[in-house]
1. Taking the 0 to 90 degree range and rounding to the nearest ten, how far is the long axis of helix 37-48 tilted relative to the main principal axis of the chain, both from C-alpha atoms?
2. At what distance in nm do the modelled label points of R48 and D78 sit from each other, each positioned 7 Å from its Cα along Cα→Cβ?
3. Given the Cα-Cα distance of Q108 and D7 and 0.36 nm per residue of separation, how much length would full extension add, in nm?
4. Estimate the FRET efficiency between N32 and T118 by the formula 1/(1 + (r/R0)^6), using the beta-carbon distance for r and 30 Å for R0, to the nearest 0.05.
5. Would you pull out the residues with amide H under 5 Å of F99's amide H, same chain only if 5 or more places away, H placed 1.01 Å from N?
6. Which whole-number percent gives the relative contact order of the chain, counting Cα pairs below 8 Å spaced six or more residues apart?
Amino acid sequence: MRSVFGDANIAGVTLKNRIIRSATHEGMADENGCPTEMMMKKYEHLARGEVGAIITGYTGVQQNGKSPMLNMLMIDSDFQVEPLRELTRRVHEYGTPVFLQIAHCGRQTRSKITGFPTVAPYE
């Protein structure tokens, strides 16, 4: 029987234990969808606390799929890459892998929120 505190491997990525911080919506991105200092410190705290891996909060890939909840992390523009790289660097300092959960809220958002027509499957 394997221990929750033993190392693990997911698709070639080694985890120091089997405790994974699952994806959530932190609401800590700035108005452009970039991680704020508060978000980076939260992730650093998790990594320093010996969590085996971190899955980011869901991260929007297009403005028309942005969450109706405030301050969603985004990766729909090149300028967001460097702040996300910095977040990753800080987490990696503690030997903790970080996985970016990508998302598009589809019909769970509204034009009123995104400023764009709602995009979702049509029956």
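1. 30 degrees
2. 3.5 nm
3. Working: separation 101, 0.36 × 101 = 36.36 nm, distance 3.72 nm.
Between Q108 and D7, full extension yields 32.6 nm more.
4. Working: r = 22 Å, r/R0 = 0.73.
Efficiency, rounded to the nearest 0.05: 0.85.
5. For F99, the qualifying residues are I54, I55, T56.
6. Numbers: 235 pairs, mean separation 33.3, N = 123.
Taking the mean separation of contacting Cα pairs over the length of the chain, I get 27 percent.
Read-outs throughout are calculated quantities, based only on the coordinates presented, and are distinct from any laboratory measurement. These numbers were taken from a predicted model, which means no experiment stands behind them. Virtual Cβ from ideal backbone geometry, glycine too; neighbours counted across all protein chains shown.
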